[in-house]
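We did not get these values from a lab; they are worked out from the coordinates using the rules stated. Worth saying up front: this structure is predicted, and the values here are computed from it rather than measured. In this analysis, Cβ positions are derived from the backbone assuming ideal geometry, glycine residues included, and neighbour counts consider all displayed protein chains.
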Amino acid sequence: MDAINTRFGHLWHTPEQPATSRLTVYCKATGVALAALPVCNEQDVPEILARAQLGFDIQKALSAHQRSQQLQRWYELIIANSELLARLVTLECGKPLGEARAEVSYAAGFVSWFAEQAKRSYGQVIPSANVAQKLTTIEQPIGVVFAITPWNFPLAMITRKVAPAMAAGCSIVLKPSELTPLSAMALWQLAQEAGFAPEAWQVVHSLDAKGFAAAMCDSAVVRKVTFTGSTAVGRSLMAQSANTIKRLSLELGGNAPFIIFASSDLDAAIDALMVAKFRNAGQTCVAANRVLIESPCFDEFITKLTARVAKLKIGHGLEPDTDLGPLISPAAKATAERRIAEALSEGAVCHYRAEPLPSPFMAPVILTEVNQAMAIANLELFAPIITVQRFRSEADAIAIANAVPEGLASYFFSQDMAQVERVSSQLEYGMVGVNTGLISNPVAPFGGMKQSGLGREGAAQGLSEYLETKYLCQQF
Ligand code: ADP
C-alpha cells in the first residue's frame with residue numbers, strides 16, 4: 001500500500017474526521033483498514049447537482065475532438081499507472097493480481113474505445129418525400145448522469161460508464177461501491193490529470209446508498225441513471241426514476257447457463273469453464289452459474305473437471321500462485337454456505353469439496369444431481385460453487401437454460417455447426433459465448449435481456465446510451 005499511498009494517498013486518509021462521517025475501506029484478504037474517505041448524504045445533493053450542471057455546461061461546450069483527446073490522455077495515464085491500480089484492486093476487492101492486471105487493461109480499453117467513438121456520434125440526413133423540406137437528426141448529450149457501480153470490477157464498471165458519458169458531452173456523478181471506493185478515487189485523480197473538469201465528473205461516497213440514491217433520483221436535474229448491481233436495487237432505481245422519466249441503463253444479475261453438448265471438445269470446455277466460473281472467485285455477473293452436461297459425456301467431463309478444480313490454490317491475491325482470492329466479505333461466504341446446505345437438503349450431491357478455509361476464503365465446491373426446481377439453480381451464486389445438471393436432448397438444454405427470469409450471459413460448447421446456429425438463436429440471453437468462456441470486450445455490446453437489465457455498455461451502443469437524438473425538420 002505504501003507505493004499506492006505515495007501516488008494517491010492525498011485522496012484519502014482523513015483520520016481527523018469523526019467516525020460517523022467517514023467510510024473506512026478494508027483489505028479483503030486480511031481485514032486490515034487501508035484508508036478512510038469523507039462521505040456525503042442527501043443534504044449534499046443540491047450542491048452536488050449544481051456542480052454537475054456546471055460540469056454539463058463545460059463538457060458539452062468542448063468539441064468532440066477535444067473530448068476524444070481528454071479520454072486519450074486519461075487512457076495513457078491509466079496504462080502508465082497500471083501496476084499501482086492493479087495492486088489497489090487486489091487489496092480492496094480481493095481478486096488475484098493477475099486478474100487485477102487484466103482488469104486494468106479491460107478498464108483502459110473502454111477509455112480508448114470511447115476516445116475513438118467520441119468522434120463518431122453522427123447524425124443522419126433522411127430522404128424526404130417533400131422536396132421543400134430537409135430532414136436531419138443530430139446527437140446531443142443527454143445531460144447530468146448519476147452512476148452507481150459495484151465492487152466486483154472496481155475499475156472497469158466505472159470506465160465503461162464514465163468514458164462514454166464524457167465522450168458524449170454529459171457530466172456524471174459517480175457513487176462507487178462502499179466496498180471498493182479507492183480504485184474510483186485513483187481513476188478520478190488520473191482523469192483530473194488528463195484535463196477533465198472536476199465538475200464534469202464527481203465521485204461521491206455515502207454510508208447510506210439507498211437514501212442518497214433516492215435523493216438523486218428525485219431530482220429532475222438528473223436525466224439518466226446508469227447502474228450495475230443487483231436486480232433488486234435496479235428494480236427500485238427504475239421505480240424511483242419513474243416520476244421524472246429518466247433514461248436508464250441497468251446491468252443487473254445473471255444466472256448464466258454453461259452447456260456442454262456431447263460433440264464438444266471437452267478439454268477446451270473445461271478450460272473455458274474454469275475461467276467463466278472461477279474468475280474473481282465466482283463473483284461476476286457473467287459467471288457460469290449452472291453447468292448443464294449432455295448425458296453421453298457427463299462422467300468424463302465431471303472426472304476431468306474435478307481433477308482441475310482440486311488443483312486450484314486459494315489465498316491472498318498478492319501471492320504469486322493464487323488462483324482464487326477471498327470472497328468480498330464473511331457474510332458473502334455465509335450466504336454461499338447456506339445455499340449449499342439448502343441444496344443438499346433438497347437432494348443435490350456434494351461431489352467435491354476441498355478442506356474448509358477460514359472466512360472469507362472459500363474452497364471450491366462441485367454439486368451434482370442439481371435440477372431446475374432447486375433454489376440453488378435459481379439464484380446468482382457469486383461464489384466458487386459449480387452446480388451440475390444432466391440433460392438428454394438439445395431441446396431439454398434450451399428449456400433449462402431459458403427457465404429463469406435472467407438473461408445476461410450464456411455459454412455453450414458444441415462442434416456441430418447446425419447445432420451452434422440453432423442454439424445461438426434460441427438462447428434468451430444478451431450475450432452468448434460459443435466455444436469460449438470469456439466474452440467481455442470493450443468493443444462488443446455488454447448487457448442483458450429479460451430481468452437482467454436495460455441497455456448495452458461498450459461498443460457503438462454504449463455511446464448512444466448517453467445521447468439524445470434530435471430531429472430537425474427544415475422547410476425552405
Ligand atoms: P452487490 O450485491 O453486488 O453489492 P448491490 O446492488 O447491493 O450489489 O450494490 C451495487 C451498488 O449499489 C453499490 O454501489 C451499492 O452501494 C449500491 N446500492 C445498494 N443498495 C442501494 C439502493 N437501495 N439504492 C441505490 N444504490 C444502492
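A few notes on this one:
- Each principal axis of the Cα atoms in segment 416-476 has its own extent, and those three values, largest first, are 59, 23, 23 angstrom.
- Given 16 as the ceiling on other Cβ atoms within 10 Å, longest exposed-site-free region of the chain for trypsin sites (Lys or Arg not before Pro) in DSSP loops: 1-310
- For segment 202-275, fraction of C-alpha pairs farther apart than 22 Å, in %: 43
- Projected onto its three principal axes, the C-alpha set of segment 170-219 covers 32, 25, 11 Å, listed from the longest axis down.
- Among Asp2, Asp299, the ranking by other beta carbons within 10 Å of each residue's beta carbon, starting with the fewest, stands as Asp2, Asp299.
- Using θ = phi - 60° and Karplus 6.51 cos²θ - 1.76 cosθ + 1.60, couplings along segment 445-457 (whole Hz; Gly, Pro as x): x, 9, x, x, 9, 6, 8, 8, x, 9, x, 10, 10
- q = 0.06, 0.08, 0.12 Å⁻¹: log10 I(q)/I(0) that the Debye formula gives for the chain, counting C-alpha atoms only: -0.28, -0.50, -1.07
- Contact order normalised by residue count of the chain, Cα under 8 Å, 6+ apart, percent: 18
- Ranked from largest, the principal axis spans of the Cα set of segment 1-81 equal 46, 37, 20 Å.
- log₁₀ of I(q)/I(0) at q = 0.09, 0.22 Å⁻¹ - segment 278-403, Debye sum with one point per alpha carbon: -0.25, -1.39
- Per-residue Cβ neighbour rank within 10 angstrom, fewest leading, Tyr106, Tyr466: Tyr106, Tyr466
- On a per residue basis, the convex hull of the C-alpha atoms belonging to segment 241-280 measures out at 112 Å³.
- The simple spin-label model puts a point 7 Å past each Cα toward its Cβ; for Asn441 and Ala395 those points are separated by 3.4 nm.
- The equivalent ellipsoid that matches the C-alpha gyration tensor of segment 139-249 spans semi-axes of 21, 17, 12 angstrom, in descending order.
- Scalar couplings 3J(HN,Hα) for segment 40-51, obtained by applying the Karplus form with A = 6.51, B = -1.76, C = 1.60 to θ = phi - 60°, are 10, 9, 5, 5, 7, 4, x, 5, 4, 6, 5, 5 Hz; x denotes Gly and Pro.
- Computed over the Cα atoms of segment 38-114, pair by distinct pair, the Kirkwood hydrodynamic radius stands at 14.8 angstrom.
- Stokes-Einstein D for segment 378-440, Kirkwood Rh over Cα pairs, 25 °C, 0.890 mPa s (µm²/s): 192
- ³J(HN,Hα), Karplus 6.51/-1.76/1.60, whole Hz, each residue of segment 246-253, x for Gly, Pro: 7, 6, 10, 10, 10, 10, 10, x
- Distance between the modelled labels on Thr469 and Thr30, one decimal in nanometres: 5.4 nm (7 Å Cα→Cβ projection).
- Based on the Kirkwood approach, the hydrodynamic radius assigned to segment 205-356 is 18.7 Å, with every pair of different Cα atoms included.
- Put simply, the amide H of Ala288, placed in the peptide plane, has neighbours under 5 Å in Lys277, leaving out anything fewer than 5 places away on its chain.
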